[in-house]
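The values are calculated or read from the model by the stated rules, or taken from the named source; none is laboratory data. None of these values were measured; they are calculated from a predicted model. A quick note on method: Cβ atoms are made from the backbone with ideal geometry, for glycine too, and the neighbour counts reach across all protein chains shown.
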């Protein structure tokens, strides 16, 4: 029996999701994209879910698109290519818009779409020896679907250099430009992930969801819209049951 290209394991309120195509370095194809989309829809509707940890099976996190799959697209019509590209775009949007924190556990290499996953992750943790690359131009392609998320994560200047050269870069450089948030040794990777999960579980789930949406919406908002959004958000949160209960508990502990 062939294993599914996406493995999901529940641990309390946390989903551990594993890209499971190690024979092709967890590269994306239509089946994996479909599985990710179905999972993201389930996760978005799961009120008991508090966090998602995304990792890769085998020696590599994610090598981007499956080239054997991509090469078949030469026989596709333009309309078929558009539908296929839209499905991939929808997956990255769904991961980016998850109401719970998405943590990327990166080892080995993250290339192309693997960098896209790091870009949509709220928290990205890489092992010291991990290698990154937006290598699409080496193959005559461009990282267009992931571009909005990469630019939002690392800025226009760093994106230009990496998109146009296609060069590979180290975990240390990924940390320097803000693509990842922590770089740790391989034997400390799981402990680092657990540390972030513990921080999330110790916080208000409603507040986290609102905070995540706030960041996403403010990036696109005008100054006037941003003012309105921030005022309305804090006014609503201050009066929420979750905030009142947590503030009362904090004040009681301080006495």
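Applying the condition of being crowded, with 17+ Cβ neighbours inside 10 Å and out of contact with any strand residue (DSSP E or B) (no Cβ under 8 Å at 6 or more places or on another chain) to region 170-214 and asking which residue is farthest from residue 112 (Cα to Cα) yields 205.
Please tell me if residue 81 is surrounded by fewer than 23 Cβ atoms within 10 Å (Cβ to Cβ) and under 11 Å from the mean Cα position of the chain (by Cα). No: the conditions fail for residue 81. Is it the case that residue 65 is within 20 Å of residue 135 (Cα to Cα), in contact with a strand residue (DSSP E or B) (Cβ under 8 Å, 6 or more places away or on another chain) and in the same structural domain as residue 125 (by TED's automatic domain parsing)? Yes: the conditions hold for residue 65.
Taking residue 114 as the residue in question, decide whether it is in contact with a strand residue (DSSP E or B) (Cβ under 6 Å, 6 or more places away or on another chain), part of a helix (DSSP H, G or I), at pLDDT 95 or above and at negative phi.
Working: in contact with a strand residue (DSSP E or B) (Cβ under 6 Å, 6 or more places away or on another chain): yes; part of a helix (DSSP H, G or I): yes; at pLDDT 95 or above: yes; at negative phi: yes.
Answer is yes for this residue.
Looking only at region 14-48, count every residue that is over 26 Å from residue 86 (Cβ atoms) and either under 18 Å from the mean Cα position of the chain (by Cα) or exposed (fewer than 14 other Cβ atoms within 10 Å of the Cβ) (or both) and tell me the total.
Residues in region 14-48 being over 26 Å from residue 86 (Cβ atoms) and either under 18 Å from the mean Cα position of the chain (by Cα) or exposed (fewer than 14 other Cβ atoms within 10 Å of the Cβ) (or both): 5 in total.
Looking at 104, 87, just one residue is touching a strand residue (DSSP E or B) at 6+ places or on another chain (Cβ under 9 Å) and outside any loop (DSSP other than H, G, I, E, B), and that residue is 104. Once region 175-196 is narrowed to residues that are under 15 Å from the mean Cα position of the chain (by Cα) and touching a residue at least 40 places away in the same chain (Cβ under 8 Å), the residue that is farthest from residue 44 (Cα to Cα) is 182. Specify which of the listed residues (165, 159) is under 28 Å from residue 82 (Cα atoms), modelled with pLDDT of 95 or more, surrounded by 15 or more Cβ atoms within 10 Å (Cβ to Cβ) and out of contact with any strand residue (DSSP E or B) (no Cβ under 9 Å at 6 or more places or on another chain). After applying the criteria, what remains is 159.
Please return the ranges of helices (runs of 4 or more DSSP H) entirely within region 125-206 where 1 or more residues are closer than 30 Å to residue 71 by Cα and in the same structural domain as residue 104 (by TED's automatic domain parsing). Hits in region 125-206: 147-165, 171-177. Could you list, in sequence order, the residues of region 20-56 that are part of a loop (DSSP other than H, G, I, E, B) and closer than 21 Å to residue 134 by Cα? If the condition is that a residue be part of a loop (DSSP other than H, G, I, E, B) and closer than 21 Å to residue 134 by Cα, then 21, 25, 26, 27, 29 are the ones that fit. For residue 215, the conditions (1) assigned by TED's automatic domain parsing to the domain that holds residue 132; (2) part of a helix (DSSP H, G or I) all hold with the exception of (1).
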